[in-house]
Structures are given as C-alpha cells and as structure tokens.
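Worksheet for the structure shown next.
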Amino acid sequence: MGIPFDKLTPPRWGGEVPERVDAPPLVLGPQCVIEPPVILSPMAAVTNPPFRKICREMGAGLVVTEMVSAQGLIHRAPKAMSLVDLQPDEAPVAVQIYGKDPEEMARGAKVAEELGAHAVDVNMGCPMRKVVSSGHGAALLLDPGRVREIFEAMSDAVDIPVTGKTRAGWEDTNVIEVAQAMQEGGAAALTIHGRTRSDMYDGHVDLAVISELVRSVDIKVIGNGDVCDWKSARRMFDITGCDGVMVARGALGNPWVFQEIAADMAALSVPPRPSLEEKRATILRHIELYVESFDARRMCLEIRKHLLWYFRGTPGEKILRRRLSGLKSIDDVIWAVDAAIEGNTGIEEVAAKSHPRGKNVGVMGA
Ligand SMILES: Cc1cc2nc3c(=O)[nH]c(=O)nc-3n(C[C@H](O)[C@H](O)[C@H](O)COP(=O)(O)O)c2cc1C
C-alpha cells in the first residue's frame with residue numbers, strides 16, 4: 001500500500017471539552033449491536049486478527065478488517081483469507097471490501113457473510129493512487145450512480161448490514177449526494193472521514209461537513225478523523241451529532257484508547273494512562289495473540305511496527321530500534337520489549353523480568 005508506517009503520528013486535537021455525551025448502542029442488525037459505539041477503523045496491514053482482538057478486549061464495540069478485494073474473496077484467495085481470518089471471540093466484526101463492480105461486490109459480500117462477518121463495509125475512501133487509478137476506493141465518490149448499484153446488489157445478496165466508509169468528497173465536498181445514493185441502495189450506516197481525497201491527512205478533520213451529513217440522511221452516521229482520546233471522542237459526538245465514532249491512528253500503540261472512551265461514555269472515571277507494568281502485560285497479550293495467528297517468522301516481521309508504536313517518543317524507542325533487526329523468535333521479541341521498558345525506567349525490577357535471549361521462558365503459556 002506504500003503507507004509510511006514510521007511517519008504515522010497520532011492526531012492532535014485541542015480546544016474546549018464538551019459535556020459528556022449520552023451515546024446509546026448503535027444497532028445495525030440483530031447480530032450487529034455496537035456497544036459502545038466506538039469502532040476500530042479498518043487499516044491496511046494493521047487491523048489483522050491480533051490487533052482487532054486486543055482492541056475488542058480493550059473495549060472497542062466493533063472492529064473492522066483491513067480492506068480486502070471483492071475478487072480475492074470470491075476466489076477465496078489465500079491472501080484475502082488470511083487478511084480476513086475472522087475469529088469467533090472478536091465478534092462483532094465487519095469485513096471491509098473494495099471493488100467497483102456491483103455483481104462482484106455482491107459475491108464478495110456473500111463470501112464475507114459465509115466466513116462469519118457481522119457486517120460488510122464498502123471502501124469508498126482509500127486515497128492511494130494505486131487504488132483510485134483503477135476506479136476503487138475514493139474514486140467511487142465521483143460516481144454516485146455506481147455507488148447506489150453497488151449497495152443495491154450487496155443488500156440483495158446478504159442478510160447482514162451493508163455499510164460504507166468514505167471521505168467528505170474527492171476535491172470538493174459531495175458526500176451528501178453519495179450518502180443519499182447509499183441510502184437509496186439500502187446501506188445501514190455510513191462512516192465519514194471528514195477530509196476530502198485531496199486533503200489526504202492534512203489539516204484538521206472538518207466537523208461541519210459531518211454534522212451537515214448527519215442532518216441530511218436517515219441512515220446512521222459514524223464520525224471519523226482525529227479521534228484519539230475521550231476528549232476528542234466527546235467533541236466528535238457533541239459537535240456533529242453522529243451515532244458512533246471510529247478510531248484509526250489514535251489506536252496505534254494505544255489500544256487503551258477504547259477503554260478510555262468507553263469509560264467516559266459510561267459515565268465512569270477515565271482510567272489513568274497505563275503503568276509500564278500494565279503496558280508490558282498488554283504487549284505480551286498482543287504477542288500471544290500474534291502467536292495464535294501466525295508463525296514465528298511472520299510474527300517477528302509484522303509485530304515490529306506495533307512495538308515501535310507502543311514505545312514511540314519514549315527513551316526506550318531507540319533501544320528497541322537497535323534490537324528489531326535480529327528478531328527470530330517469541331523470546332527475541334519479549335527480550336526487545338523488556339529492553340525498551342528497561343530503557344524507560346531503569347528500574348531493576350523490570351530488568352529482573354527480562355529474559356536472556358533465546359531462553360525458552362514459556363511466557364506465552366502463562
Ligand atoms: C495505516 C493506515 C491504513 C489504513 N487503511 C485503511 C483501509 O484499509 N480502509 C479504510 O477505509 N481506511 C483506511 N485507513 C483510513 C482510516 O481508517 C481512517 O479513516 C483515517 O486514518 C482517519 O482516522 P484517524 O484520524 O482516526 O486516523 C487507513 C489509515 C491508516 C493510517
């Protein structure tokens with residue numbers, strides 16, 4: 001996808017903090033009750049089963065796979081199957097599909113339903129040149145007629161809710177026209193990332209356009225863009241009147257964001273930032289989930305970016321970077337994590353828990 005993972009930084013959003021918002025569960029269907037209405041965004045090469053699971057455990061009301069092609073699903077191509085790989089204990093989970101042909105999208109949605117998805121989501125927001133140049137992703141914003149046909153075909157094909165995720169427009173804002181086409185086609189909900197395709201990730205998300213959309217359609221609207229903590233979640237709900245929020249960059253190295261937003265929405269006190277010990281426990285859980293899903297080689301390769309996000313901006317980050325190149329086993333990964341934690345504390349206690357590289361410490365079974 002050409003996404004510069006190393007350069008991804010969490011969004012920042014300052015300003016006034018509104019009163020707590022009462023946001024009821026978002027009900028899209030009998031099997032798809034999103035409670036709390038706080039969702040892990042689809043993210044290519046990120047929202048794999050281990051990350052989806054850890055975010056569910058932290059309180060996300062729904063998790064979404066990364067985008068997978070309709071054709072890949074139809075042919076049950078090994079790559080598509082491994083991107084989806086739905087696990088019963090992550091429910092509810094939505095599969096995001098990209099494509100442009102209504103019949104193919106319908107067949108892809110049927111396969112996702114057979115695989116156990118609780119909803120299917122249409123990618124109408126990916127801005128990457130490689131994707132839009134073939135008419136997929138955000139390019140669909142240019143063709144509301146096709147959008148309606150896609151939703152009609154998909155809604156006829158499956159019993160689960162069909163949703164779409166889009167941007168405010170291509171260059172100018174035209175999301176309302178697109179949303180009306182989705183609604184006519186039978187969509188159950190729409191997520192809007194309040195930036196246009198040309199904005200990419202620049203500037204701040206446009207809350208006014210989300211708010212206007214909420215007032216213009218009858219289907220549920222999920223607000224997305226720059227939500228990174230309980231305060232920004234409150235602001236998204238309060239200013240736009242949306243029915244749910246979706247979090248992407250704010251969850252990288254920070255699955256606790258869901259716990260925090262969920263607590264605030266339930267009128268509970270927001271838990272403090274995790275201590276280093278809690279952070280270590282969550283990272284070990286993340287590693288454990290990786291081990292359940294992938295072999296050691298793939299785990300060592302894919303978990304690096306997550307580890308860097310967990311330690312981003314801390315003294316341990318440098319230490320971690322030095323150790324990432326030689327990872328070959330679970331013990332190597334834990335050794336790198338403990339070195340980074342030690343770098344953040346200098347506390348003997350944590351050092352005592354670190355493991356000599358290569359020694360089988362059986363932490364995963366603990
Ligand atoms: C690494 C990465 C991968 C992404 N992949 C997808 C994707 O597969 N499908 C999609 O609809 N959006 C994708 N997005 C966009 C996000 O879901 C989200 O709309 C965007 O990051 C704005 O939300 P945020 O401000 O919470 O990050 C991706 C974003 C990032 C950072």
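The values are calculated or read from the model by the stated rules, or taken from the named source; none is laboratory data. All figures in this text were calculated on a predicted structure; none of them were measured in a lab. We place every Cβ from the backbone using ideal geometry, glycine too, and count neighbours over all the protein chains shown.
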Evaluate the range 289-302: report whether one residue or more is assigned to a helix (DSSP H, G or I) and within 15 Å of the ligand (Cβ to nearest atom).
-> yes
Tally the residues that are in a loop (DSSP other than H, G, I, E, B), over 25 Å from residue 310 (Cβ atoms) and within 19 Å of the chain's Cα centre (by Cα), restricting the search to the range 230-273.
-> 2
From the residues in the range 212-247 that are touching a strand residue (DSSP E or B) at 6+ places or on another chain (Cβ under 9 Å) and of a type in the set (Gly, Ala, Ser), which one is farthest from the ligand (Cβ to nearest atom)?
-> 241
Report yes if some residue within the range 271-285 is modelled with pLDDT under 95, small (Gly, Ala, Ser), surrounded by fewer than 17 Cβ atoms within 10 Å (Cβ to Cβ) and more than 25 Å from residue 190 (Cα to Cα); otherwise report no.
-> yes
So which residues in the range 109-125 are surrounded by fewer than 23 Cβ atoms within 10 Å (Cβ to Cβ) and either within 18 Å of the chain's Cα centre (by Cα) or without any contact (Cβ under 8 Å) to a residue 12 or more places away in the chain (or both)?
-> 114
Using the structure shown, decide if residue 227 is among the β-branched types (Val, Ile, Thr), in contact (Cβ under 8 Å) with a residue 40 or more places away in the chain, closer than 15 Å to residue 23 by Cα and buried (at least 21 other Cβ atoms within 10 Å of the Cβ).
-> no
When residue 200 is evaluated against the numbered criteria (1) in contact with a Phe, Trp or Tyr (Cβ under 9 Å, 6 or more places away or on another chain); (2) at positive phi, which criterion, by number, is the only one it fails?
-> (1)
So is residue 191 at pLDDT 95 or above and within 15 Å of the ligand (Cβ to nearest atom) or not?
-> yes
